Amino acid sequence: MPRRNAVVRMVSVVERLTGLIARFQALRSAQRDRRLRAMREFLATFETVRARAPLNIFSLLNVTRDEVRHSRFLASLLDARCGHRQGNLFMRAFLRACALRIPTNVLDRYRVRTEFSGTESIVDIMAYRLGEFIIYIENKIEAEEAPEQLAREFRDMRRASDILSIREERQYAVFLTPDGRGPISAGGTHWVALSYARLAAELRSVLPQVTDEKVRFILEDWINTVLSWRGVATDVL
């Protein structure tokens with residue numbers, strides 16, 4: 001009798017375990033089905049969003065109007081020694097956008113620096129070649145000009161030019177803004193006003209010459225980003 005009772009209890013335990021396993025498997029199957037449905041819905045939504053607004057690296061990184069990031073990106077484009085392997089292609093496009101008269105035969109060796117500190121100021125981008133040319137670029141997207149900011153930067157450019165033995169007619173100061181407005185803190189100094197739309201137009205014109213597919217895609221993203229800004233004049237395109 002005791003043995004029979006033990007067998008009955010064992011059978012009962014096995015049945016409960018079997019039922020528990022069956023319920024667990026059913027629950028896991030239901031969860032898997034829910035995950036699959038959620039994944040399918042996500043993919044469908046993603047495809048819809050992507051079709052409406054193609055993926056953009058600047059939007060993805062949330063730096064669409066980040067002044068510092070845009071300055072660094074532009075500096076990397078202008079730098080012929082940078083990893084884009086396009087030589088001075090982008091620098092020549094920039095010179096056309098600004099109508100700066102710098103012979104292309106001096107664009108084989110030059111340097112580009114960001115956040116360059118002078119005696120009175122810090123300029124966003126400086127490009128130069130010893131004895132040949134210097135370009136100061138002040139980039140304003142969201143921030144306002146500080147009192148006499150561009151006048152101070154211009155004086156620093158003159159000082160740097162003296163050290164680099166660059167004659168006055170090859171010293172250029174460029175004020176880059178979304179709408180191409182003139183500066184209010186230049187204090188009588190001469191700055192070339194450049195809009196992002198004008199620069200984007202020149203860079204777009206050289207896209208067919210870009211040999212690196214990744215560089216071309218990123219540059220296209222940048223062009224689309226700046227042209228999406230409110231207040232950017234697109235009549236130059």
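The table below gives the values:
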| read-out | value |
| --- | --- |
| Whichever residue in segment 72-88 is part of a helix (DSSP H, G or I) and touching a strand residue (DSSP E or B) at 6+ places or on another chain (Cβ under 7 Å) and, among such residues, is surrounded by the most Cβ atoms within 10 Å (Cβ to Cβ) | LEU74 |
| Residue satisfying condition, being closer than 23 Å to ILE163 by Cβ, in contact with a Lys or Arg (Cβ under 8 Å, 6 or more places away or on another chain) and either assigned to a loop (DSSP other than H, G, I, E, B) or in contact (Cβ under 8 Å) with a residue 12 or more places away in the chain (or both), within set ARG101, ARG109 | ARG109 |
| Residue match in segment 153-168 (condition: open to solvent by 80 Å² or more (accessible area, probe 1.4 Å), of a type in the set (Val, Ile, Thr) and out of contact with any His (no Cβ under 7 Å at 6 or more places or on another chain)) | yes |
| Some residue of segment 188-198 being assigned to a strand (DSSP E or B), within 23 Å of ARG81 (Cα to Cα) and in contact (Cβ under 8 Å) with a residue 60 or more places away in the chain | no |
| Tally, over segment 112-149, of residues that are loosely packed, with under 14 Cβ neighbours inside 10 Å, among the acidic types (Asp, Glu) and farther than 19 Å from LEU164 by Cα | 2 |
| Filtered residue count, segment 57-89, keeping only those that are over 15 Å from the mean Cα position of the chain (by Cα) and touching a residue at least 60 places away in the same chain (Cβ under 8 Å) | 3 |
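The values are calculated or read from the model by the stated rules, or taken from the named source; none is laboratory data. Note that the structure is predicted; figures quoted are calculated from it, not measured. Because the Cβ atoms are built from the backbone with ideal geometry, glycine has one as well, and the counts that use them run over all protein chains shown. Areas reflect the complete protein model, heavy atoms only, side chains present, ligands, DNA and RNA absent. Shrake-Rupley method; radii C 1.70, N 1.55, O 1.52, S 1.80 Å.
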